[in-house]
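Q: There's a structure below that I have some questions on.
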Amino acid sequence: MIGPNVLELKDITKKFGPILANSNISLTLRAGEILALLGENGAGKTTLMNILFGHYQADSGKVTAFGKQLSSGRPRAAIIAGIGMVHQHFTLANNMTALDNVMIGTEPMRSIWTKRQAARSKLLVIAQKFGLAIDPDKRIADMSVGERQRVEILKALFREARILILDEPTAVLTQIEAEQLFSILRGMAKEGLSLIFISHKLGEVMRAADRIIVLKSGRVIAERSVAETNRDELAELMVGRHVSRPVRQASIRGEVMLAAKGLSVFEDGRASLENIFFEVRSGEVLGIIGVAGNGQAALGRLCSGLVQHSNGTLTYNGQSITHVSARELVSSGVARIPEDRHAEGVVGEMSVWENVILEKVRQRELSRYNLVNRKAAQASADALINQFDIRGATPDTKTRLLSGGNLQKLILGRNLTASPRLLVANQPTRGLDEGAVAAIHCELLDARQKGVAILLISEDLDEVVALSDRVQAVFKGRMSKAVETDNIDARKIGLMMAGIWEE
């Protein structure tokens, strides 16, 4: 049963320079309730939750938890009040065990004795109560993504959290892991915990939440109970218009642009990829589908020139690229969307215009005598901002201030305006909202129609089926044969992702 209010945010406003992240936002949360915060990338969801947890200090407004006003900008005050937060990017020490991570910060630093056994017992009781099965002695580095997320949740519950905030909790989970997580969250709500989760995925919002608040441009624009809304209305509220994803049309496939034959990659003494075969032709999308950790990351690095294969052959446009550097690949017409847009796609402290020209700074129109033509570079960035609808950006904006969707548009635009022959797109829409996903899909299919060969690496089954002409599954470093997507169903792809296919 949903009980009385346990949390109230009143007139929260926050600016970052000229950018208004939150504007007079007010909301409440009740005991035993699951509240979803829905909105486009950059709508202000994460900023609002970081204010609630004390990572940011609001310019104005107040936060009240269990009848007491919280001190602004103090995470410890939030923890003491019974608020826990699970971040989208986990904050765990990989070289330590689950128990060590849970205990960090719960004992005085100068304490001679540690209550490790008591902590272990408490952790196991909490884990059993909420169905969060975990091995306390297992190192984080040896855990799956789903296990790591359980440790993050247990960290908060170990500190007696009664309100739990989850920022994009399923962004890096498989569909099965996501379903398991929401089953656990429902059990928590029945035990009286109150939960807020940030999401842009309409399906999981409709399945998991009791109530939905929609943010747009830093403001609350709608509040709905799940019973009184639907996916179409929520999508339109988020984006401000009807959203429909593009449909793949027939295209003419040309010559082979990228081909692997009997290829293996060894990293850290083990095989990341083993005896794989594939080829990508101009004017087609080859989709590589699989659960995280089965070799996709190595494949993306390999095709981007960041690692070399150990056995077999890899050719681009008919030529071996065994010893070709990433710079040489870019110069020869290979474009890349990296898996981690923040760590590998841009330099956050540099401006938009600097990031736009990073891979083409040697072009004559942008530099002379090793000096950058700043005016030309800014004009190039301004044109890209307009062409790819990169919102909230000017050529001089710090790139780290862009939302995930706009950052991805910047990376995609930078690559597509270079007229590539091959595009390696690794998780191109991970963590993006419905509007941004539709925009990215449209650009990818347009590039395909123009004859670009696209290697799409994705864990999103719907995305792979919608965009790909052919699909191959990767499982424990092995790769299935290619299957035409027009002749396959979700069940068969699911079996392929589990390593069940005809050799």
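The values are calculated or read from the model by the stated rules, or taken from the named source; none is laboratory data. Only a predicted model underlies this, so the values are computations on that prediction, with no experimental measurement involved. Heads up, the Cβs are rebuilt from the backbone with ideal geometry, glycines too, and the neighbour counts pull from every protein chain shown.
Q: Looking at segment 217-230, can you tell me whether even one residue there is assigned to a helix (DSSP H, G or I), without any contact (Cβ under 8 Å) to a residue 40 or more places away in the chain and crowded, with 19+ Cβ neighbours inside 10 Å?
A: No: segment 217-230 contains no residue that is assigned to a helix (DSSP H, G or I), without any contact (Cβ under 8 Å) to a residue 40 or more places away in the chain and crowded, with 19+ Cβ neighbours inside 10 Å.
Q: Restricting attention to helices (runs of 4 or more DSSP H) lying wholly within segment 384-503, give those where 3 or more residues are among the charged types (D, E, K, R).
A: In segment 384-503, the matching helices (runs of 4 or more DSSP H) lie at 434-449.
Q: Gln117 - would you say it is exposed (fewer than 13 other Cβ atoms within 10 Å of the Cβ), in contact with a helix residue (DSSP H, G or I) (Cβ under 8 Å, 6 or more places away or on another chain) and modelled with pLDDT of 90 or more?
A: no
Q: Further question: Report yes if some residue within segment 400-412 is surrounded by fewer than 20 Cβ atoms within 10 Å (Cβ to Cβ) and not assigned by TED's automatic domain parsing to the domain that holds Glu168; otherwise report no.
A: Within segment 400-412 (the criterion being surrounded by fewer than 20 Cβ atoms within 10 Å (Cβ to Cβ) and not assigned by TED's automatic domain parsing to the domain that holds Glu168), the answer is yes, since at least one residue qualifies.
Q: Within segment 456-473, take every residue that is more than 17 Å from Ala292 (Cα to Cα) and buried (at least 24 other Cβ atoms within 10 Å of the Cβ) and give me the one that is farthest from the chain's Cα centre (by Cα).
A: Ser468
Q: With (1) under 18 Å from Phe53 (Cα atoms); (2) assigned to a helix (DSSP H, G or I); (3) free of Cβ contacts under 8 Å to residues at least 60 places away in the same chain as the list, and Ile79 as the residue in question, which single condition is left unmet?
A: With respect to (1) under 18 Å from Phe53 (Cα atoms); (2) assigned to a helix (DSSP H, G or I); (3) free of Cβ contacts under 8 Å to residues at least 60 places away in the same chain, Ile79 is out only on (3).
Q: Of the conditions (1) assigned to a strand (DSSP E or B); (2) modelled with pLDDT under 85, Thr313 fails just one. Which one is it?
A: Result: Thr313 passes all but (2).
Q: Looking at Ala43, Ala36, Ala58, can you tell me which residue is of a type outside the set (D, E, K, R), assigned to a strand (DSSP E or B) and in contact with a helix residue (DSSP H, G or I) (Cβ under 8 Å, 6 or more places away or on another chain)?
A: Of the residues listed, the single one that is of a type outside the set (D, E, K, R), assigned to a strand (DSSP E or B) and in contact with a helix residue (DSSP H, G or I) (Cβ under 8 Å, 6 or more places away or on another chain) is Ala36.
Q: Okay, next question. Is segment 249-258 home to any residue that is more than 28 Å from the chain's Cα centre (by Cα) and among the charged types (D, E, K, R)?
A: yes
Q: Kindly check whether there is at least one residue in segment 306-322 that is under 25 Å from Asp433 (Cα atoms) and aromatic (Phe, Trp, Tyr).
A: The answer is no; no qualifying residue exists.
Q: Within the set of pairs 6+ apart or on separate chains, which have a first residue in segment 247-264 that is acidic (Asp, Glu), a second that is surrounded by 12 or more Cβ atoms within 10 Å (Cβ to Cβ) and modelled with pLDDT of 95 or more, and C-beta atoms under 7 Å apart?
A: Pairs found: Glu255/Arg281; Glu255/Ser282.
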